[in-house]
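The values are calculated or read from the model by the stated rules, or taken from the named source; none is laboratory data. From a predicted model like this one, the values you see are computed outputs, not experimental measurements. Reconstructed Cβ throughout: ideal geometry from the backbone, glycine too, with neighbour counts over all protein chains shown. The area values use the complete protein model at the heavy-atom level, side chains included, leaving out ligands, DNA and RNA. Shrake-Rupley method; radii C 1.70, N 1.55, O 1.52, S 1.80 Å.
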Amino acid sequence: MFPKSLRSALILGAALMAPALVQAESFDKVKIAAGKMLFDGSCHRCHSVDADRKSYGPLLDGVVGRKAGSFPGYPYSDALKSAGFVWTPGALRAWMEANDQLVPGTKMRHVGIEDPTVQDFIVTYLTSLKAK
Ligand code: HEC
């Protein structure tokens, strides 16, 4: 058994931590919600996130961890098809900032999202989407 003072210290610690954890969780929710708004504004007109809907650009649900240019049946540019990397949060940031520099010859129009906070929100939103 812990000495009494240590036990109270642990209980006090847990009590202090709990709101911080709740806050961290809801901060993620806020980031996802903000990311969805930003995505809807900058990306949604070309990208669906719903496997049941066709879109001009490749589907983006489950894109984090997926090999670039590999969504089945999508007519990618040769450049993206042969890019040979996996989409990580870092690669997605670089893509949003300058997709035509990350993969020269891509057919996605330059979107130029340079604000790291905006990038972060959109990546958090995309990470929250699971492939169907
Ligand atoms: C004007 C239409 C358009 C807009 C706007 C657009 N995209 Fe794209 N996107 C495309 C097209 C077309 C491709 C396929 C590119 C290729 O094959 O070279 C693509 C490809 C991608 C890919 C690669 C997916 C894969 O399967 O490898 C990602 C990731 C992506 N876009 C993210 C975004 C994000 C995030 C935004 C918003 C910040 C965005 N796009 C805005 C048209 C668009």
* Could you pull out the longest piece of the chain with no exposed loop chymotrypsin sites (Phe, Trp or Tyr not before Pro) in it, calling a site exposed if DSSP puts it outside H, G, I, E, B and it has at most 13 other Cβ atoms within 10 Å? => 1-55
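What percentage of the solvent-accessible surface of the chain, computed with a 1.4 Å probe over protein heavy atoms, is contributed by carbon and sulfur atoms? The partial results should precede the final answer.
Numbers: 5380 of 8360 Å².
With neighbouring chains kept in place, the figure for the chain is 64 percent.
Can you give the net charge of the other residues whose Cβ lies under 13 Å from the Cβ of G112, counting K and R as +1 and D and E as -1? Kindly include the intermediate steps, with their values, before the conclusion.
Numbers: positive: R93, R109; negative: E97, D100, E114, D115.
Taking every other residue near G112 into account, the sum is -2.
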* Specify the residue with the greatest mean-square fluctuation among A24, A83, A68, computed from a Gaussian network of the chain linking alpha-carbon atoms under 10 Å apart. => A24
* To do: At a Cα cut-off below 22 Å, give the lysines reachable from K36, other chains included and same-chain residues fewer than 8 away excluded.
  => K54, K130, K132
* **Surface accessible to a 1.4 Å probe, per residue, for the residues of the chain, Å²** => 63 Å²
* For Q23 and S8 in the same chain, what is the full-extension length gain: residue separation times 0.36 nm, less their Cα-Cα distance, in nm? -> 3.1 nm
* Would you list, by chain and number, the aspartates and glutamates whose Cα falls below 17 Å from the Cα of K29, excluding same-chain residues fewer than 8 positions away? => D40, D120
* **Net +/- balance of residues flanking Y74 in space, Cβ distance below 14 Å, scoring K and R +1, D and E -1** => +4
* If amide H atoms are built 1.01 Å from N in the plane of the peptide, which residues on other chains or at least 5 residues away come under 5 Å of the amide H of V86? -> A68
* To do: Could you tell me how many degrees, from 0 to 90 and to the nearest 10, lie between the Cα long axis of helix 4-42 and the main elongation axis, the longest principal axis, of the Cα atoms of the chain?
  => 20 degrees
* Asked: Computed over the Cα atoms, what is the radius of gyration of the chain divided by 2.2 N^0.38 Å, N being its residue count?
  -> 1.42
